[in-house]
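Read the figures in this text as sums done on the coordinates, not as results from a lab. Keep in mind that this is a model prediction, so the values were computed, not measured. Here the Cβ positions follow ideal geometry from the backbone for every residue, glycine too, while neighbour counts run over all protein chains shown.
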Amino acid sequence: MNTVLPSFLQTVVNLLFSARFRVYGNSMLPSLCDGESVFVVRTRFKWNILRRGDVVAFQQSGGIYIKRVIGLPGEDIKIIGSNVYINGLPLTEAYTQGISGVQDNEWFNGLDEYFLLGDNRGDSTDSRTFGSVSSDLIIGRAWFLCWPPFRWRPLAIR
């Protein structure tokens with residue numbers, strides 16, 4: 001059987017529509033663990049818009065990161081202690097782990113920017129460090145955990 005055609009088709013699908021990305025480190029614990037992989041659908045499709053709580057893959061400082069969307073375009077994000085506020089209202093988050101050593105701060109997203117945080121706030125390099133992320137740098141939204149097989153599950157919290 002010819003395996004070149006299926007490999008070629010898989011490559012075309014990945015380039016145009018989706019990709020699989022591996023998680024490195026513990027910044028997304030407890031949601032995602034080191035060594036797991038997520039299936040990401042590119043955000044250039046109108047039906048795949050980003051919402052608060054989505055997990056995304058994006059480019060930053062020469063690498064690809066996986067974090068959670070906290071602040072949407074045009075929003076004011078404030079962190080006081082272990083609490084996150086969006087436009088002055090507290091954000092309820094059931095997916096976080098730890099937030100030790102965080103200094104109070106405030107950020108304002110531009111009209112094309114997203115504020116992205118790791119779920120393991122005490123061990124994550126994210127928008128608190130490098131600021132809001134332009135939508136041009138966001139590769140796509142992670143739809144489900146695809147590796148290892150015994151952990152398969154959707155990632156959307158909608």
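Listed values, structure above:
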quantity: For region 62-73, 3J(HN,Hα) per residue [Karplus equation, 6.51 cos²θ - 1.76 cosθ + 1.60, θ = phi - 60°, Hz, x = Gly/Pro]; calculated: x, x, 10, 10, 10, 9, 9, 6, 10, x, 9, x
quantity: Extension gain, residue 59 back to residue 87 (0.36 nm per residue minus Cα-Cα distance, nm); calculated: 7.5 nm
quantity: Residues in region 122-137 reached by a label modelled at residue 106 [backbone nitrogen below 20 Å; 7 Å Cα→Cβ]; calculated: 127-133
quantity: Debye log10 I(q)/I(0) at q = 0.12, 0.15, 0.16, 0.27 Å⁻¹ for region 62-130, Cα point scatterers; calculated: -0.28, -0.44, -0.50, -1.46
